[in-house]
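Below: one structure, written as structure tokens.
The values are calculated or read from the model by the stated rules, or taken from the named source; none is laboratory data. Computed from a predicted model, the values in this text were never measured in an experiment. Methodologically, a virtual Cβ is constructed for each residue, glycine included, from the backbone with ideal geometry; neighbour enumeration extends over all protein chains shown.
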């Protein structure tokens, strides 16, 4: 049984550090910010139920990193930028509560600071019912430049007498986690917020989070959820999802992601509808979002000649999936697990044969790094790698499940391989060298058990296993 993590009924402020991540939203309209320009940032909020007459409020921020002034930090031997976010909740002219977040971001050189990098933050409040003003000021502490945003903030108590739904929070990335703690995490769901609500070619998946309250206990014990997309005038364009689910209790969480890249540039609404199958009560919530695709703004004679997404999906490269068996589809998607998101895996597992065929078509289409050519070079290269690792690294299991298979799939063919056979005193091992990745990295694999299943014991690549004493794996004890 899922129980929502109710927030404590007193006012609190929780400071969350920043995250740097890449998104596919609009590129900023500047490559180098002028000192006279205000800092630009996005802000949004979402309201959730607590166990009392208070409302739990989250305020989300995201700003471009390249707007900040970086200075030399002698102690850290790096460049650093410091900025302050001050958020006030006002009623009339009175400040009811204020939250200050001081952040620092480091860089080894200015070349690391890209126009597409965002810094995301989150403030948390518990507040009484009322009509407020939400005001946020972001200031660069080195240049003195700042930006201010202000919006109305109506807070209404979420009661216990009927079916209710929280605000919809939009996100850039969604993960299911094993614990409640951590930044941007609620009820075992981590959603990196997208306060701009903008999606596009580099950010094709709209992720969202919402909470359902006051489901009736007993009876059939089910509820129906339906997701749909509406145009800017409120007319339904398409149904994205509909399913009857088992009630986990009197409350539930809805969190998922949907591809919106086929929508043309413009403003839309995402709608979540819930029906309690026992009480027959219904509730729905809308959230506005935007799609931006640069191709939509190219000259008409140029765009007219370009194939649409549906045209590309009808090409022979994708039609092959129409004849594949479910076992073949499963095997291909399993082999692509290193480039699939956790949400991709969850969605794929719940699909029937027809759904898996359509999913894989779009899975590869979205990863086509050169859509101007008839072939999907990324897909073809990855499947070539998959075929190679299954043929060369399989030892009682598919080759893609081996350590060498994973590294080959993720990083490609190594530039050089050093192979050392086993002897009476040492195990067989291999050293793979990549000279053009991260300035040059290596991976060391050892046949620890002597059955040809080489395991990774050391690497100099970022976010890989690192063991300075890796040679201890070579020698037979």
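Are any residues in the range 232-261 exposed (fewer than 11 other Cβ atoms within 10 Å of the Cβ) and free of Cβ contacts under 8 Å to residues at least 12 places away in the same chain, and if so, which ones?
Correct list: 233, 235.
When you look at residue 334, is it within 28 Å of residue 171 (Cα to Cα), surrounded by 12 or more Cβ atoms within 10 Å (Cβ to Cβ), out of contact with any strand residue (DSSP E or B) (no Cβ under 9 Å at 6 or more places or on another chain) and at pLDDT 80 or above, yes or no?
Against the criterion (within 28 Å of residue 171 (Cα to Cα), surrounded by 12 or more Cβ atoms within 10 Å (Cβ to Cβ), out of contact with any strand residue (DSSP E or B) (no Cβ under 9 Å at 6 or more places or on another chain) and at pLDDT 80 or above), residue 334 qualifies.
Name, by its number, the condition in (1) over 20 Å from residue 406 (Cα atoms); (2) surrounded by 13 or more Cβ atoms within 10 Å (Cβ to Cβ); (3) at pLDDT below 90 that does not hold for residue 356.
(3)
Do we have any residue at all in the range 179-188 that's modelled with pLDDT under 90, touching a strand residue (DSSP E or B) at 6+ places or on another chain (Cβ under 7 Å) and assigned to a strand (DSSP E or B)?
Within the range 179-188, none of the residues are modelled with pLDDT under 90, touching a strand residue (DSSP E or B) at 6+ places or on another chain (Cβ under 7 Å) and assigned to a strand (DSSP E or B).
Just one of the numbered conditions (1) more than 20 Å from residue 149 (Cβ to Cβ); (2) at pLDDT below 85; (3) surrounded by fewer than 15 Cβ atoms within 10 Å (Cβ to Cβ) is not true of residue 24; which one?
(3)
Among all residue pairs at least 6 apart or on different chains, which show Cβ distances below 9 Å where the first residue, located in the range 460-472, is over 15 Å from residue 446 (Cβ atoms) and the second is modelled with pLDDT under 90 and assigned to a loop (DSSP other than H, G, I, E, B)?
Correct list of pairs: 460/438; 460/440; 461/437; 461/438; 462/438.
Taking the conditions exactly as written (touching a residue at least 40 places away in the same chain (Cβ under 8 Å) and crowded, with 20+ Cβ neighbours inside 10 Å), does residue 208 satisfy them or not?
Spelling it out, residue 208 is indeed touching a residue at least 40 places away in the same chain (Cβ under 8 Å) and crowded, with 20+ Cβ neighbours inside 10 Å.
State yes or no: is residue 193 within 25 Å of residue 89 (Cβ to Cβ), touching a residue at least 12 places away in the same chain (Cβ under 8 Å) and in the same structural domain as residue 288 (by TED's automatic domain parsing)? I'd like the intermediate steps shown before the answer.
On the way: within 25 Å of residue 89 (Cβ to Cβ): yes; touching a residue at least 12 places away in the same chain (Cβ under 8 Å): yes; in the same structural domain as residue 288 (by TED's automatic domain parsing): yes.
Spelling it out, residue 193 is indeed within 25 Å of residue 89 (Cβ to Cβ), touching a residue at least 12 places away in the same chain (Cβ under 8 Å) and in the same structural domain as residue 288 (by TED's automatic domain parsing).
Residues checked against (1) modelled with pLDDT under 95; (2) within 16 Å of residue 275 (Cβ to Cβ); (3) part of a strand (DSSP E or B):
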{"position": "207", "(1), (2), (3)": "yes, no, yes"}
{"position": "210", "(1), (2), (3)": "no, yes, yes"}
{"position": "219", "(1), (2), (3)": "yes, yes, no"}
{"position": "230", "(1), (2), (3)": "yes, no, yes"}
{"position": "241", "(1), (2), (3)": "yes, yes, yes"}
{"position": "244", "(1), (2), (3)": "yes, yes, yes"}
{"position": "258", "(1), (2), (3)": "yes, no, yes"}
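Scan the range 135-143 and tell me whether some residue there is without any contact (Cβ under 8 Å) to a residue 60 or more places away in the chain, within 26 Å of residue 212 (Cα to Cα) and part of a strand (DSSP E or B).
no
Give the residues of the range 129-156 that are loosely packed, with under 15 Cβ neighbours inside 10 Å and under 30 Å from residue 53 (Cα atoms), sorted by residue number.
Residues satisfying the conditions are 129, 130, 131, 150, 151, 152, 154, 156.
Check 68, 39 and return the single one that is modelled with pLDDT of 85 or more, within 18 Å of residue 148 (Cβ to Cβ) and touching a helix residue (DSSP H, G or I) at 6+ places or on another chain (Cβ under 9 Å). Spell out how you get there, then give the answer.
Working: 68 fails: touching a helix residue (DSSP H, G or I) at 6+ places or on another chain (Cβ under 9 Å).
Being modelled with pLDDT of 85 or more, within 18 Å of residue 148 (Cβ to Cβ) and touching a helix residue (DSSP H, G or I) at 6+ places or on another chain (Cβ under 9 Å) holds for just one of 68, 39, which is 39.
Quick check on my filter: what residues within the range 262-294 are out of contact with any helix residue (DSSP H, G or I) (no Cβ under 6 Å at 6 or more places or on another chain) and either assigned to a loop (DSSP other than H, G, I, E, B) or free of Cβ contacts under 8 Å to residues at least 12 places away in the same chain (or both)?
263, 277, 278, 279, 280, 281, 293 - these are the residues of the range 262-294 that are out of contact with any helix residue (DSSP H, G or I) (no Cβ under 6 Å at 6 or more places or on another chain) and either assigned to a loop (DSSP other than H, G, I, E, B) or free of Cβ contacts under 8 Å to residues at least 12 places away in the same chain (or both).
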